[in-house]
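Student: Take a look at the following structure, please.
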Amino acid sequence: MSRRSPLMLQIATGDPRPINRQITDGVKRLIAAGELAVGASLPSVRGLALQLSINPNTVAKAYAELTAEGWLEARAGLGVFVAPPRQLLSDHERRRRLDEAVDRFVGAVIGLDYPAEAIVARVAGELAQLAPKKTA
């Protein structure tokens, strides 16, 4: 069994998202970018809590959410690992979540006074950075 290495996650104290959301978003990004491959082991709850200097319950909550969403799988006595990709959400639920995310995003950037084309190009660029690294 390979040794678990630290996750390249940072917690931003000024971020309006709760810490567990920052962890889930960060792990999802690492998986989508291919930086965490299927089967890769993650640090233990206690290990990540120590690394990030946060409460272990916060890490446990984030890991539980990622497991419920199908991003991670817990193996009794072995730890937490990146799960093989699978779609657990219905098309309706996926659309609902996309609509919700877009609404939040638009609300956050509307006052920044960027042209719509610049915003769309920036989002497309971020998504393009993830797409080539994905393995299906």
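Student: Could you identify the single residue in Ala64, Ala76, Ala108, Ala118 that is hydrophobic (A, V, I, L, M, F, W, C), within 22 Å of Ile19 (Cβ to Cβ) and more than 16 Å from the chain's Cα centre (by Cα)?
Tutor: Only one candidate passes the filter, namely Ala108.
Student: Right, another one. Could you figure out which of (1) open to solvent by 60 Å² or more (accessible area, probe 1.4 Å); (2) part of a loop (DSSP other than H, G, I, E, B) isn't true of Arg21?
Tutor: Here Arg21 clears every test but (2).
Student: Right, here's the next one. Restricting the search to the range 70-107, which residues are open to solvent by 70 Å² or more (accessible area, probe 1.4 Å) and either outside any helix (DSSP H, G or I) or touching a residue at least 60 places away in the same chain (Cβ under 8 Å) (or both)?
Tutor: Trp71, Ala74, Arg75, Ala76, Gly77, Leu78, Pro85, Arg86, Gln87, Leu88
Student: Of the residues Ala49, Ala60, Ala33, which single one is open to solvent by less than 90 Å² (accessible area, probe 1.4 Å) and within 22 Å of Glu126 (Cβ to Cβ)? Give the derivation first.
Tutor: Values: Ala49 fails: within 22 Å of Glu126 (Cβ to Cβ); Ala60 fails: within 22 Å of Glu126 (Cβ to Cβ).
It is Ala33.
The values are calculated or read from the model by the stated rules, or taken from the named source; none is laboratory data. Note that the structure is predicted; figures quoted are calculated from it, not measured. Neighbour counts run over all protein chains shown; Cβ positions are idealised from the backbone, glycine included. What goes into the accessible areas is simple: the full protein's heavy atoms, side chains included, and nothing from ligands, DNA or RNA. Shrake-Rupley method; radii C 1.70, N 1.55, O 1.52, S 1.80 Å.
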